[in-house]
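The next block holds one structure in the form of structure tokens; read it before the comments.
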Amino acid sequence: MRLKNRPWGKTVLDNNSEYYVHDTNLDDVKLTDFCSRGSLVLEIGAGKGDFVITMAQKYPDINFIAVEMQSMALAFALRKIQDNKLNNVLFVNCDMHFLFEKLQDYKFETIFLNFSDPWPKKRQNKRRLTYPTMLNEYYKILKNGGKLIFKSDNDVLFNDSVEYLKESPFKVESIVYDYDGNDPYDAQTEYETKFRGLGTPIKRYIVVKEEK
Ligand SMILES: C[S@@+](CC[C@H](N)C(=O)[O-])C[C@H]1O[C@@H](n2cnc3c(N)ncnc32)[C@H](O)[C@@H]1O
């Protein structure tokens, strides 16, 4: 959902520039420096940051890149860490499609897709973050043994996404249609909190990159 601009948004972004790279600055040394650290994890479509902030607090030795194309969503995320500085998160404000090229030299442990947009119309399906073309891009930047983890409330998107896996090089580790949320290597997202509150079953798959 498109977020409305708030009057404080730009100030929060400007005041937290050490945590944040804008799409006009993808060659910024901040991104390459961050990617050159140890263990790397990527979240795509981070929204207001609930997931990545909790994960970064739980796993201080992992470096999290959170990509989100709406700057206002990132302003909400940055506001949450203002009083609680985290040095293992970098928010990148861009469409993920522009970022793949910049990430080719790095290998990620995990890529998280949380409650990605469903793009329900047939002609829009190609925009889904779980679409086969995207799976091929994720495969390239994951290390061997690295995982792609996708959670969703949406039955149609999830079932189609399971089908897309058949065309992909990934090996399926698990597919769950009523995920209890109890995996310690996970955190609740804003959308998840909403859908769990409504009693909607949360679906999740985990797939693994295995060298052929
Ligand atoms: C439905 S929201 C879910 C937000 C959050 N993950 C959650 O679960 O609460 C999907 C988010 O993904 C972002 N998004 C969608 N496609 C994207 C892309 N190609 N690159 C970066 N962000 C994207 C949208 O702007 C939106 O904030």
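The values are calculated or read from the model by the stated rules, or taken from the named source; none is laboratory data. As the structure is a computational prediction, the values presented were derived from the model and not from experiment. Please note: Cβ atoms are built from the backbone with ideal geometry, for glycine as well, and neighbour counts cover all protein chains shown. Note: areas computed on protein heavy atoms with side chains; ligands, DNA, RNA excluded. Shrake-Rupley method; radii C 1.70, N 1.55, O 1.52, S 1.80 Å.
Structure notes:
- Note, ³J(HN,Hα) from phi for segment 112-126, Karplus 6.51, -1.76, 1.60, rounded to Hz, x at Gly and Pro: 9, 10, 10, 6, 4, 4, x, 6, x, 6, 3, 5, 9, 3, 4
- Across the options T193, Q104, N87, the greatest Cα extent toward the positive end of the charge dipole of the chain (unit charges at beta carbon of Lys, Arg, Asp, Glu) belongs to T193.
- Across segment 1-75, the fraction of Cα-Cα pairs farther apart than 18 Å, rounded to a whole number, is 43%.
- Within straight-line reach of K48, meaning a Cα separation under 18 Å, sit the following aspartates and glutamates at least 8 residues removed in sequence or on another chain: D14, E18, D23, E68, D83, D95, D117, D153, D186, E190, E192.
- Across the cross-link table entries K80/K107; K4/K143; K80/K122; K85/K121; K4/K171, which are compared at the Cα atoms, the separations over 32 Å belong to K4/K143; K80/K122; K85/K121; K4/K171.
- The angle separating the long axis of helix 155-165 from the principal Cα axis of greatest extent in the chain is about 80 degrees.
- Residues whose placed amide H lies under 5 Å from that of F91, excluding near-sequence neighbours: Y20, V21, A66
- Table column - 3J(HN,Hα) (Hz), segment 180-197, Karplus curve with 6.51, -1.76, 1.60, x for Gly and Pro: 7, x, 9, 5, x, 8, 6, 8, 6, 9, 4, 5, 4, 4, 5, 6, 5, x
- Put simply, the C-alpha atoms of the chain give a gyration tensor, and the ellipsoid matching it has half-axes of 25, 20, 17 Å, longest first.
- Whole-Å distance, taken between Cα centres, linking segment 102-175 and segment 14-82: 20 Å
- Area accessible to solvent at H22, 1.4 Å probe radius, in Å²: 70 Å²
- Over the chain, DSSP H runs of length four or greater, each weighted -39,500 (n - 2.57), average out per residue to a 222 nm ellipticity of -9500 deg cm²/dmol.
- Taking amide H atoms as placed 1.01 Å from N in the peptide plane, the amide H of N63 lies under 5 Å from those of S39, L40, V41, each 5 or more residues away in sequence or on another chain.
- Estimated dipole of segment 55-154 in Debye, rounded to 20 [Cβ of Lys and Arg +1, of Asp and Glu -1, Cα centre]: 360 debye
- Rounded to the nearest 20, the size of the Cβ-charge dipole of segment 7-94 about its Cα centre is 260 debye, with Lys and Arg at +1 and Asp and Glu at -1.
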